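Quick note: the coordinates plus some simple rules give every number you see, no bench work behind them. Being a predicted model, the structure only gives us computed values, none of them experimental. With ideal geometry, Cβ positions are generated from the backbone for all residues, glycine too; neighbour counts draw on all protein chains shown.
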Amino acid sequence: MPAVETDYAFLRQFILERSENVLDPSRDDIFDARLYGLMQMHGITGIDELVAKLRLAVDPALAHAVVEAMTINETSFFRDQSVFELLRRKLLPQLIESRASQRSLRFWSAACSSGQEAYSLAMLLRYNFPQLADWKIEIIGTDIHAEMIRRAQTGRYHRMEVNRGLPARLLLRYFERDGEEWEIASELRNICRFQQRNLTHALPLLDRYDGILMRNVLFYFSEATQQRILQRAHAALHRDGFLILGSSEQACLQSLWHPVLDSNACYYKPQ
């Protein structure tokens, strides 16, 4: 039996309850596209059969796999060049000057997918700021998707992935080729750590961050969830740190965040 509106409505609510991602009914076809491979792997013939199994709630692994399949985000190396130019030209030099006595920097790549954003930041730091060679630098990447975190931890990317946005000079300097894949250099992997975390859940604050990149993820959530995430980001950030969102996103809590426009990019300072 083909999927009906009630099946899609169930899936939208299923994803909302487990990840707080809000999926628009006008895009129900995305379920067919993203769940096709998963259904084949489990011998499921259609959305209707998948929904029937999820309703029984007897296969936690299947339920988790469905949530992961619906929360994969697009990513690439140095995605949105204006953001990385802002970091190189202004935000990182300011932080480096203010942290000269501590000689340490800590960043959070939220919803990091397969790690390209975190590694892009690591390359930016190592290539453009050699004076940081003996500094303690940490880049923490988090994502809800276990497979994306596994890929980020391995630091291996297909030829098509490194051909998207990654300058040739950085590819040759920080990657080693292995057939059709390229592996990131250990000097970058040593400063990047990846953890499976749900952005809507509280994160353990062992230390605050100097900068947070939380790009192209807030629009998946309701306004109330966005506010809760932004409140947690505010609590996790040093008072002189920065928050960068996606180009179509805004930090709607004016009492907590001050927007700063700079050329073709925008960032936020905590109030």
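Suppose only helical runs count, i.e. DSSP H with n ≥ 4. What mean residue ellipticity at 222 nm does that imply for the chain under -39500 (n - 2.57) per run, divided by all residues and rounded to the nearest 500 deg cm²/dmol?
On the way: 12 runs with 112 residues, N = 271.
Mean residue ellipticity, 222 nm, calculated: -12000 deg cm²/dmol.
Could you give the nm distance between label points at Ala235 and Ser247, where each point is 7 Å from its Cα heading toward the beta carbon?
Inter-label distance under the simple model: 3.3 nm.
Compute the angle between helix 116-128 and the longest alpha-carbon principal axis of the chain, please, reported from 0 to 90 degrees and rounded to the nearest 10.
Orientation of helix 116-128: about 10 degrees from the principal axis.
At R0 = 30 Å, how high is the FRET efficiency between Phe129 and Leu261 if r is their beta carbon distance? Nearest 0.05 is fine.
Working: r = 24 Å, r/R0 = 0.81.
With a Förster radius of 30 Å, E is 0.80.
Using a Förster radius of 25 Å, what is the FRET efficiency between Glu5 and Glu74 based on their Cβ-Cβ separation? Nearest 0.05, please.
Details: r = 27 Å, r/R0 = 1.10.
Taking R0 as 25 Å, the efficiency between Glu5 and Glu74 is 0.35.
For Asn190 and Arg89 in the same chain, what is the full-extension length gain: residue separation times 0.36 nm, less their Cα-Cα distance, in nm? All intermediate terms of the calculation are to be shown ahead of the outcome.
Details: separation 101, 0.36 × 101 = 36.36 nm, distance 2.45 nm.
Extending this stretch completely gives an extra 33.9 nm.
So what is the relative contact order of the chain, in percent, for Cα pairs below 8 Å that sit 6 or more residues apart? The partial results should precede the final answer.
Numbers: 390 pairs, mean separation 46.4, N = 271.
17 percent.
Count neighbours as other Cβ atoms within 10 Å of each site's Cβ, and list the GluC sites (Glu not before Pro) in the stretch 68-149 that are DSSP loop with at most 14 such neighbours. Before the final figure, lay out each step's value.
Numbers: sites: Glu68, Glu74, Glu85, Glu97, Glu117, Glu138, Glu147; in loops: Glu74.
Taking the stretch 68-149 and a limit of 14 other Cβ atoms within 10 Å, the loop GluC sites (Glu not before Pro) found are Glu74.
I need Cys112, Cys252 ordered by Cβ neighbour count within 10 Å, fewest first. Please list the in-between numbers first.
On the way: Cys112 30, Cys252 12.
Result, fewest neighbours first: Cys252, Cys112.
At a Förster radius of 25 Å, what calculated FRET efficiency corresponds to the Cβ-Cβ distance of Lys53 and Leu16, to the nearest 0.05? Before the final figure, lay out the partial values.
On the way: r = 19 Å, r/R0 = 0.75.
Computed FRET efficiency for Lys53 and Leu16 comes out at 0.85.
Return the distance in nm (one decimal) between the two label points of a simple spin-label model at Ser98 and His64, each offset 7 Å from Cα along Cα→Cβ.
3.9
Evaluate the distance, in nm, between pseudo-label points positioned 7 Å from the Cα of Gln227 and of Gln81 along their respective Cα→Cβ axes.
Spacing of the two 7 Å Cα→Cβ label points: 3.9 nm.
Treating only the Cβ of Lys, Arg, Asp and Glu as charged (+1, +1, -1, -1), what charge dipole size does the chain show about its Cα centre? Round to the nearest 20 debye.
Numbers: 32 positive and 34 negative charges, 242 e Å.
With Lys and Arg at +1 and Asp and Glu at -1, about 1160 debye.
Quick check: the angle from helix 5-19's long axis to the longest principal axis of the chain, C-alpha only, nearest 10 degrees?
Orientation of helix 5-19: about 40 degrees from the principal axis.
Roughly how big is the stretch 5-69's charge dipole about its Cα centre, with Cβ charges of +1 (Lys, Arg) and -1 (Asp, Glu), in debye to the nearest 20?
180
Calculate the length of the line joining the C-alpha centroid of the stretch 125-170 to that of the stretch 219-245, in whole Å.
Between the Cα centre of the stretch 125-170 and that of the stretch 219-245, the gap is 23 Å.
Share of antiparallel DSSP beta bridges in the chain, in percent to the nearest 5?
Values: 15 of 35 bridges.
The answer is about 45 percent antiparallel.
Show me the GluC sites (Glu not before Pro) within the stretch 177-244 that DSSP assigns to loop and that have at most 14 other Cβ atoms within 10 Å of their Cβ. All intermediate terms of the calculation are to be shown ahead of the outcome.
On the way: sites: Glu180, Glu181, Glu183, Glu187, Glu223; in loops: Glu180.
Passing both the DSSP loop test and the Cβ count: Glu180.
To the nearest 10 degrees, how steep is helix 223-236 against the longest Cα principal axis of the chain, on a 0 to 90 scale?
Taking Cα atoms only, the helix is inclined about 30 degrees.
Which shape class applies to the stretch 4-147: rounded if a/c is under 1.5, otherwise prolate when a/b exceeds b/c and oblate if not, where a ≥ b ≥ c are the square roots of the Cα gyration tensor eigenvalues?
On the way: a/c = 3.37, a/b = 2.91, b/c = 1.16.
Taking the square roots of the gyration eigenvalues as a ≥ b ≥ c, the stretch 4-147 is prolate.
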